[in-house]
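The values are calculated or read from the model by the stated rules, or taken from the named source; none is laboratory data. Worth saying up front: this structure is predicted, and the values here are computed from it rather than measured. Note that each Cβ is placed from the backbone with ideal geometry, even for glycine, and that neighbours are counted across all protein chains shown. Ligands, DNA and RNA are stripped out before the accessible areas are found, and what is left, the full protein with its side chains, is counted by its heavy atoms. Shrake-Rupley method; radii C 1.70, N 1.55, O 1.52, S 1.80 Å.
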Amino acid sequence: MGVRIIGIGSYVPDNVVTNFDLEKFLDTSDEWIRTRTGIVERRIAPPDMATSDLATRAAERALKDAGISAEDLDMIIVATATPDMFYPATACIVQKNLGVRKKPCFDMEAACPGFIYALDVASGLLNLPNYRHILVIGAENLTKFMDPEDRATYVLFGDGAGAAVLTKDDSPYGIITSCLGGDGNLGDLLYLPAGGSRRPASKETVEKRLHYTVMKGREVFKHAVLNMQAAALTVLQRAGLKKEDITWLVPHQANVRIIDATREKLGLPPEKVYINIDKYGNTSAASIPIALAEMKEKGLLKRGDLVLTVSFGAGFTWGANIIRWG
Ligand code: ACO
């Protein structure tokens, strides 16, 4: 039994913050950000907008696209590294917002590849008799966890959400295969120091700004390129496909130079790669579903297209899916 994506939707906050806006309070420039990352602007959620708010709006659009109601769902999974709170899970809050009850809901924390991870987990579950429709959401409110005084991280991220409705299906379309990976030894390259059980919130953690992301950018860059390239090649091999079979590479939008390095390794021409980092920055687990929803809206995805998604993130984690669109 296969697993098909029958609906997709996304949501980004209205508030556009350009590189020029950042120049006003950070020692940075549009030229630096644009040439080093490809980012031109990003969306920043207002203080009262939580991850579940973004996720719910994306979910409503995905359900509409699928032509089913929230009542038809058998499970909700939210991939996020920036939940509303530790508990309850953001997925439970989304369920309440969607006006339904008694459905299993849980969050998945796999950083940026969270959506790719969740597609694979949901595909496994859909092969069990209990489930028919699973809502998978990638949603992040990362800008709330970036230090507005740290130019090395604050300029890179944005907020948003994307959602997909997955269903059991015996057509030739859907998720063909996935490949997931991780290496906890690289955890100190990108992490949020305080607020968890290792270092609970205190006056000291706030004063030392430990509730903001710490990143060794150059090291992250190096491992990102290696793991994105390896995941893409592994998933192709697993699917028994050649590089030239791929219609679209839809990579995690972290840095246009990381995307270019992945594309070059695969030998794909630039026109086969979907890039929207210029508009949204790095939206972590939301970046791939936002891209897919935008591509669908623009009419870029045709029935039968082979889509390769690939991502990496804090952990380190990485992953890739191959989807036959339709
Ligand atoms: N504006 C101006 N100058 C800056 C900025 C900025 N916003 N940020 C850093 N610089 C300076 C540095 O201080 C440094 O100055 P120095 O040479 O005087 O010391 C100089 O620019 C070069 O800094 P590098 O860090 O070496 O620059 P690099 O070319 O590596 O680019 C970047 C930095 C963009 C962060 C890059 O390393 C990168 O994209 N890394 C990957 C980051 C990433 O993808 N993170 C997300 C992971 S996904 C997840 O799980 C959330």
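For the chain, the per residue solvent-accessible surface stands at 43 Å², with DNA, RNA and ligands left out and a 1.4 Å probe.
Add -39500 (n - 2.57) for each DSSP H run of 4 or more in the chain, then divide by its residues: what number comes out at 222 nm, to the nearest 500 deg cm²/dmol?
On the way: 11 runs with 108 residues, N = 326.
When only DSSP H runs of four or more count, the value is -9500 deg cm²/dmol.
The accessible surface of the chain, taken with every protein chain in place and a 1.4 Å probe, is 51 percent carbon and sulfur.
From the backbone phi of region 143-157, what are the Karplus-calculated ³J(HN,Hα) couplings (6.51 cos²θ - 1.76 cosθ + 1.60, θ = phi - 60°) in whole Hz, Gly and Pro given as x? Calculated HN-Hα couplings, in order: 5, 6, 10, 10, 6, x, 9, 10, 5, 6, 10, 4, 6, 8, 10 Hz. With a simple spin-label model that places each label point 7 Å from the Cα along the Cα-to-Cβ direction, the separation between Asn276 and Ser29 comes to 3.1 nm.
In whole Å, how far is the Cα centre of region 63-110 from that of region 122-145? The distance from the Cα centre of region 63-110 to that of region 122-145 comes to 8 Å. Take 56-62, 220-226, 100-106, 71-77 and order them by the average number of nearby Cβ atoms within 10 Å per residue, most first; the result is 56-62, 71-77, 220-226, 100-106. Between the beta carbons of Asp147 and Glu71, assuming R0 = 41 Å, the FRET efficiency works out to 0.45 to the nearest 0.05. A dipole drawn for region 2-172 from +1 and -1 charges on Cβ atoms has a positive end, and of Ala152, Gly99, Ala58 the residue lying farthest that way is Gly99. Here's how it looks for Ala79: its modeled amide H is under 5 Å from those of Met108, Ile137, Gly138, Ala139, which are all 5 or more places away or on a different chain. Relative to the Cα centre, the charge distribution of region 2-172, modelled as +1 at Lys and Arg Cβ and -1 at Asp and Glu Cβ, gives a dipole magnitude of about 600 debye.
Between region 148-173 and region 225-266, the alpha-carbon centres lie 17 Å apart.
When you count, for each residue, the other Cβ atoms within 10 Å and take the mean per peptide, how do 120-131, 296-307 rank with the highest first?
Values: 120-131: 16.1, 296-307: 14.2.
Per-residue Cβ counts within 10 Å, averaged per peptide and sorted highest first, yield 120-131, 296-307.
Here the label points at Asp48 and Phe20, each 7 Å from Cα along the C-beta direction, are separated by 3.0 nm in the simple model. Computed from phi, the 3J(HN,Hα) profile of region 18-31 under the Karplus parametrisation 6.51, -1.76, 1.60 (θ = phi - 60°) reads 8, 4, 5, 4, 5, 4, 5, 10, 10, 7, 8, 8, 4, 4 Hz, with x in place of Gly and Pro.
Can you tell me which of Ala194, Ala111, Ala50 moves the most in a GNM of the chain? Springs connect C-alpha atoms under 10 Å apart. In this elastic network of the chain, the residue with the biggest mean-square fluctuation among Ala194, Ala111, Ala50 is Ala194.
Pick out which of Ser29, Ser178, Ser284 has the largest mean-square fluctuation in a Gaussian network model of the chain, springs linking Cα atoms closer than 10 Å. Sorting by GNM fluctuation, first place goes to Ser29.
In a reduced charge model with +1 at each Lys and Arg Cβ and -1 at each Asp and Glu Cβ, the chain shows a dipole moment near 600 debye about its Cα centre.
Taking amide hydrogens as placed 1.01 Å from N in the peptide plane, the amide H of Cys105 sits under 5 Å from those of Ile76, each at least 5 positions away in sequence or on another chain.
Applying a DSSP loop filter and a limit of 11 other Cβ atoms within 10 Å to the chymotrypsin sites (Phe, Trp or Tyr not before Pro) in region 243-326 leaves nothing.
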